[in-house]
Amino acid sequence: MTLVQGLIAAGFVAVAVLLGAVEWVARRPGSAVPTLSDMCALAMSYEVRRLPVGRVVLLGFWWWIGWHFFAR
Amino acid sequence: MESPPEITAEVPRAWARPAVTLPVLAFLSLVGGQLPSFSTQANLYTIVLGGGLVLVGLSGRVVPRRPVPGRPRPPAAWWLLPALGFAVLEGVTFLAGTRRYPTLSRLMDPLLEDEVVRSTCFFGWLAAFWVLVRR
């Protein structure tokens with residue numbers, strides 16, 4: 001692994017740590033920050049003429065993530 | 001005379017409890033961890049498994065959903081930090097498009113060759129999928 005690749009990997013780790021930190025803050029009692037699950041639920045509740053667009057997009061995106069990392 | 005509003009309570013189905021779902025997800029992850037990347041079996045397994053979960057998530061009848069929270073308040077903006085950080089990093093490496101600047105999936109490819117790491121990540125994917133299905 002080159003220095004550049006190491007820095008990029010460290011960047012992704014930093015993003016993961018940041019995500020974990022925000023989730024930790026959100027799960028503290030009385031926190032005004034919503035959890036990641038709540039944010040996803042909000043996005044999934046988006047509908048266009050009763051068509052669950054948010055739900056289709058998020059579930060489809062997560063399906064694609066699994067295929068992209070584990071299969072393709 | 002008006003009848004009183006009906007009070008309904010959501011009863012969690014026995015099979016939707018963590019004591020049942022976690023071992024099932026663990027078993028499915030162990031199977032998924034045995035299938036090598038870029039193989040036909042891995043493609044079929046993730047497509048069928050993910051497709052099934054998408055159908056369950058869209059039906060809304062098989063699994064009871066948790067209530068949707070109200071409008072987000074300003075502190076929700078904290079989520080923009082990791083989201084933008086990831087978008088910038090992934091976007092730049094994707095646009096560069098070379099092995100010198102690898103995207104997250106390229107960085108993960110060698111790690112996912114190990115069956116233990118692969119099964120663990122598969123479990124993370126399925127568990128998060130199950131959370132989404134129930135929201």
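The length gained on full extension between B:Arg99 and B:Ala16, counted as 0.36 nm times the residue separation minus their Cα-Cα distance, comes to 25.6 nm.
Counts of other chain beta carbons within 10 angstrom of each beta carbon in peptide B:32-38 average 2. Measuring nothing but alpha carbons in chain A and taking Rh as the Kirkwood radius, the Rg to Rh ratio lands at 1.11. Partner shielding of B:22-31 amounts to 0, given as the average count of beta-carbon atoms from other chains within 10 Å of each residue beta-carbon.
Centre-to-centre, using Cα atoms only, the range B:68-135 and chain A are separated by 6 Å.
Sorting A:Tyr46, B:Tyr45, B:Tyr101 by solvent-accessible area of protein heavy atoms yields A:Tyr46, B:Tyr101, B:Tyr45, largest first, with a 1.4 Å probe. Derived value for chain B: Kirkwood hydrodynamic radius 18.3 Å. Basis is the mean of 1/r over every pair of different alpha-carbon atoms. Taking all protein chains together, A:Leu36, A:Leu3 sort by accessible area into A:Leu3, A:Leu36, largest first [probe 1.4 Å]. Take each uninterrupted DSSP H stretch in chain B, measure its Cα extent along the helix axis, and return the ones at 15 Å or beyond whose mean Kyte-Doolittle hydropathy is at least 0.5. Span-like helices in chain B: B:18-34, B:40-59, B:80-96, B:115-134. Exposure check, 1.4 Å probe, all protein chains in place: B:Thr93 carries approximately 10 Å² of accessible surface.
Across every direction, the projection of the convex hull enclosing the Cα atoms of the protein assembly as shown has a mean area of 15.4 nm². Shielding value for B:81-88 is 5, the average number of Cβ atoms from other chains within 10 Å of each residue's Cβ. Assuming charge only on the beta carbon of Lys and Arg (+1) and of Asp and Glu (-1), the dipole of the protein assembly as shown about its Cα centre is about 300 debye to the nearest 20.
The values are calculated or read from the model by the stated rules, or taken from the named source; none is laboratory data. Given the structure is predicted, the values throughout are model-derived calculations rather than measurements. Don't worry about glycine lacking a Cβ; one is built from the backbone with ideal geometry, like all the others, and counts go over all protein chains shown. Remember, those area values only see protein heavy atoms, side chains included, never the ligands or the DNA or RNA. Shrake-Rupley method; radii C 1.70, N 1.55, O 1.52, S 1.80 Å.
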